[in-house]
Amino acid sequence: MIGIDAKEFIYGVPHAAFINASFAYAKPRELSRFSGPNRGAWYAALHVETCLREVSFHMREFLDAAGDFNAIADYTEMLASMAGEFIDLRGLDPTPPYLDPDKTIGYPAGNALAEGIRSKGLNGIIYPSVRHADGTCIVALWPHAVQSVAQGDIYRMTWSGQPDPKVAKLPTA
């Protein structure tokens with residue numbers, strides 16, 4: 001997988017640091033569904049409930065690895081528009097390997113798909129959420145595909161000894 005080149009980053013727009021960080025700070029020891037150890041991606045969903053399910057799933061994995069389901073994490077919703085051409089994977093039957101919930105199957109297949117899509121110049125992928133039934137996720141594979149970013153609501157996820165968090169929307173000022 002090709003890493004991110006500094007020329008790909010965006011500048012001079014609101015929240016550019018958040019956009020760039022999602023591509024620059026990949027997980028060096030493991031894959032994500034459509035991004036690998038050398039290059040991150042901007043993951044999003046059409047509805048915040050889907051985002052919260054996806055985020056809490058991955059946080060649950062981290063807490064399980066730590067052996068402690070006691071944590072509080074605030075999640076800030078970032079609203080954005082997507083620009084350019086995206087491939088749409090919704091409605092495929094049977095479910096392709098890159099959407100397999102088993103990370104050992106889905107993530108390598110997803111990374112191969114993302115690499116092929118990026119090499120064709122497409123900006124990303126629209127796909128059914130693996131963690132939230134009827135949810136739709138979007139992954140932008142290039143920083144310039146993420147546009148008009150604005151902060152939304154803030155949610156607090158609280159784990160109190162159990163794998164599933166309680167989620168509460170925090171009041172706005």
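Structure notes:
- When 125, 87 are sorted by how many other C-beta atoms sit within 10 angstrom of their C-beta, beginning with the fewest, the order is 87, 125.
- Range of Cα positions in the range 2-87 per principal axis (Å), largest first: 40, 29, 27
- Using a cutoff of 8 angstrom between alpha carbon atoms and counting only pairs six or more residues apart, the relative contact order for the chain works out to 30 percent.
- Sequence of 77, 54, 61 once ranked by neighbouring C-beta atoms within 10 Å, starting from the fewest: 61, 77, 54
- Net charge, residue 159 excluded, C-beta distance under 15 Å - Lys, Arg +1, Asp, Glu -1: -1
- Computed about the Cα centre, the dipole magnitude for the range 1-92 is approximately 220 debye when only Lys and Arg (+1) and Asp and Glu (-1) carry charge, each at its Cβ.
- Which of 42, 142 has the fewest Cβ neighbours within 10 Å, and the rest in rising order: 142, 42
- The count of lysine pairs in the chain that are at least 8 places apart or cross chains, and whose C-alpha atoms lie under 29 Å apart, stands at 8.
- Relative contact order (%) - criterion: Cα under 8 Å, at least six apart; region: the range 6-59: 22 percent
- Rule-of-thumb Rg ratio for the range 87-161 [Cα; 2.2 N^0.38 Å; N residues]: 1.31
- Here is the P(r) of the range 122-173: all C-alpha pair distances, binned every 10 Å from 0, give 19, 28, 39, 14, 0 in whole percents.
- Alpha-carbon centroid distance for the pair the range 1-22 / the range 135-170, whole angstrom: 19 Å
Taken together, the values in this text are just the output of simple stated rules run on the coordinates, not laboratory data. Just so we're clear, the structure is a prediction, and the values are computed from it rather than from any experiment. Cβ atoms come from the backbone with ideal geometry, glycine included; neighbour counts cover every protein chain shown.
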